[in-house]
Amino acid sequence: EADIYQTPRYLVIGTGKKITLECSQTMGHDKMYWYQQDPGMELHLIHYSYGVNSTEKGDLSSESTVSRIRTEHFPLTLESARPSHTSQYLCASSGVGSGETQYFGPGTRLLVL
Amino acid sequence: AQSVSQHNHHVILSEAASLELGCNYSYGGTVNLFWYVQYPGQHLQLLLKYFSGDPLVKGIKGFEAEFIKSKFSFNLRKPSVQWSDTAEYFCAVIRSYNTDKLIFGTGTRLQVFP
């Protein structure tokens with residue numbers, strides 16, 4: 001069973017607030033990912049990391065930023081939330097032992113008013 | 001544009017009916033293929049995957065998928081669906097030269113009625 005955690009699961013927040021979505025995994029995976037998923041749409045990669053101090057932007061442009069200070073932790077930050085950021089954010093990881101298979105967290109549903 | 005296509009956006013079936021969900025990709029070269037499932041209120045879970053070998057792959061919960069290289073397809077099948085199979089199903093592809101990028105299809109919403 002993959003152990004990847006995301007908090008909060010749901011977040012309703014006002015425009016202009018700074019928010020951080022947490023993602024942690026206990027599998028020792030070196031690669032971690034953030035995806036954005038709008039209702040009824042496919043997942044789009046917005047950030048990924050090969051390991052500590054490594055971060056890259058994904059295919060979908062995002063105003064969010066990420067950091068990877070510890071292997072197990074890959075938080076995503078929005079400095080000033082806007083209604084256009086309303087979406088579901090999914091974190092995933094892969095690495096030694098999983099091959100190229102990515103395991104997903106439960107997601108954070110974000111609503112910006 | 002290169003992509004992963006799931007042509008069935010919404011499928012409605014009765015219990016015990018057979019299921020086939022289409023997935024086509026447009027990338028050349030070697031690919032790894034996945035089907036993920038997202039049950040209502042739950043996170044995305046791996047259903048099955050194909051890396052190499054036997055093109056007929058068996059996954060969890062009685063699902064299977066067949067990789068047909070000549071058709072660029074990786075269709076998902078189940079001979080007899082159950083109400084508990086109601087979920088959203090995503091096909092995804094990793095290209096061998098860019099193993100960090102998992103490219104998803106738009107998903108197929110399956111509703112199974114008792």
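Residues of A:43-56, mean number of Cβ from any other protein chain within 10 Å of their own Cβ, rounded to a whole number? Before the final figure, lay out the partial values.
Values: counts 11, 2, 5, 0, 0, 3, 1, 1, 0, 0, 0, 0, 0, 1.
Per-residue shielding by partner chains comes out at 2.
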- Message: Suppose every Lys and Arg Cβ carries +1 and every Asp and Glu Cβ carries -1, with no other charges. What dipole size does the protein assembly as shown come out with about its Cα centre, to the nearest 20 debye?
- Response: 200
- Message: Going through the cross-link list B:LYS69/B:LYS101; A:LYS31/B:LYS49; A:LYS31/B:LYS61; A:LYS31/A:LYS57; A:LYS31/B:LYS78, which pairs have a Cα-Cα distance over 24 Å in this structure?
- Response: A:LYS31/B:LYS61; A:LYS31/B:LYS78
- With a cut-off of at most 14 other beta carbons within 10 Å, and DSSP calling the residue loop, which chymotrypsin sites (Phe, Trp or Tyr not before Pro) in segment B:55-113 qualify? Please list them. B:TYR97
- Kirkwood hydrodynamic radius for the protein assembly as shown: how many Å is it when counted over pairs of different Cα atoms? 18.1
- Considering only DSSP states other than H, G, I, E and B, which trypsin sites (Lys or Arg not before Pro) in segment A:8-41 qualify as loop sites with at most 10 other Cβ atoms within 10 Å? A:LYS18
- Task: Pick out, from A:GLY95, A:THR7, A:SER54, the residue whose Cα sits farthest towards the positive end of the charge dipole of chain A, with +1 on the Cβ of Lys and Arg and -1 on the Cβ of Asp and Glu.
- Result: A:THR7
- Hand me the GluC sites (Glu not before Pro) from segment A:58-113 located in a DSSP loop with no more than 13 other Cβ atoms within 10 Å, in residue order please. A:GLU63, A:GLU79
- Message: In whole Å, what are the extents of chain B along the principal axes defined by its C-alpha atoms, from largest to smallest?
- Response: 44, 27, 21
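FYI, it's all coordinate maths here, none of it is from the lab. What you see is a predicted model, and the numbers here were worked out from it, not measured in a lab. Cβ coordinates were reconstructed from backbone atoms using ideal geometry, including for glycine residues, and neighbour counts include every protein chain displayed.
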